[in-house]
1. Sort out which residues of the range 29-48 are open to solvent by less than 40 Å² (accessible area, probe 1.4 Å) and within 16 Å of Lys2 (Cβ to Cβ), and write them in order of number.
2. How many residues does the range 49-77 hold that are within 19 Å of Leu9 (Cα to Cα), open to solvent by 70 Å² or more (accessible area, probe 1.4 Å) and not hydroxyl-bearing (Ser, Thr, Tyr)?
3. Quick check on the range 1-19. Is at least one of its residues in contact with a helix residue (DSSP H, G or I) (Cβ under 7 Å, 6 or more places away or on another chain), modelled with pLDDT under 95 and surrounded by 10 or more Cβ atoms within 10 Å (Cβ to Cβ)?
4. Looking at Leu5, Leu37, can you tell me which residue is in contact (Cβ under 8 Å) with a residue 24 or more places away in the chain and outside any helix (DSSP H, G or I)?
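The values are calculated or read from the model by the stated rules, or taken from the named source; none is laboratory data. Only a predicted model underlies this, so the values are computations on that prediction, with no experimental measurement involved. Glycine also receives a Cβ, built like all others from the backbone with ideal geometry; neighbour counts cover every protein chain displayed. Accessible surface areas use protein heavy atoms only, side chains included; no ligands, DNA or RNA. Shrake-Rupley method; radii C 1.70, N 1.55, O 1.52, S 1.80 Å.
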Amino acid sequence: VKGVLNGVLAAYPLMIQQGFGHIVNTASLAGLGPAPLLAPYAMTKHAVVGLSTRLRIEAEKYGVQVNVLCPAAIETPLLDSENPSDLPN
C-alpha cells in the first residue's frame, strides 16, 4: 500500500499541473472479493482498489485517468508457503 501511495503522491501532482496523465496501479483479484486464508494480503489489495477507484473520480476533472489492474493468481512462492504453525489447517 505504501509503495502505491508513494507512487501516486509523486506522479499525481505533476499530472494535475500538466493537465493530463494516466496512473495504473496493480492490485489483485483478491482486492475485489474474498481470498480465503490470505486476509492480510487481501486487505492490502482492497486498499489499492479503493484508492484507485476513488482517485479515478477525483482525477477526472484534471484530465488524469486512473486504473487498477487486478490479475488472478500468479504462480509465486507466496502460494507455496505453508500456513503458520498456530493456524488450524
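1. Pass one, the range 29-48, residues open to solvent by less than 40 Å² (accessible area, probe 1.4 Å): 30-31, 33, 35, 42, 48.
Answer for the range 29-48, where residues must be open to solvent by less than 40 Å² (accessible area, probe 1.4 Å) and within 16 Å of Lys2 (Cβ to Cβ): Gly31, Val48.
2. Kept after step one, since they are within 19 Å of Leu9 (Cα to Cα), are these residues of the range 49-77: 49-69.
Then keep just the ones that are open to solvent by 70 Å² or more (accessible area, probe 1.4 Å); that gives 54, 56-58, 60-62, 65, 69.
Now drop any that are not not hydroxyl-bearing (Ser, Thr, Tyr), which leaves 54, 56-58, 60-61, 65, 69.
Within the range 49-77, residues that are within 19 Å of Leu9 (Cα to Cα), open to solvent by 70 Å² or more (accessible area, probe 1.4 Å) and not hydroxyl-bearing (Ser, Thr, Tyr) number 8.
3. yes
4. Values: Leu5 fails: outside any helix (DSSP H, G or I).
On inspection, the qualifying residue turns out to be Leu37.
Per-residue answers, yes or no, for (1) at pLDDT 85 or above; (2) of a type outside the set (Phe, Trp, Tyr); (3) in a strand (DSSP E or B):
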{"site": "Ala30", "(1), (2), (3)": "yes, yes, no"}
{"site": "Gly33", "(1), (2), (3)": "yes, yes, no"}
{"site": "Tyr41", "(1), (2), (3)": "yes, no, no"}
{"site": "Lys45", "(1), (2), (3)": "yes, yes, no"}
{"site": "Arg56", "(1), (2), (3)": "yes, yes, no"}
{"site": "Pro71", "(1), (2), (3)": "yes, yes, no"}
{"site": "Glu75", "(1), (2), (3)": "no, yes, no"}
{"site": "Ser85", "(1), (2), (3)": "no, yes, no"}
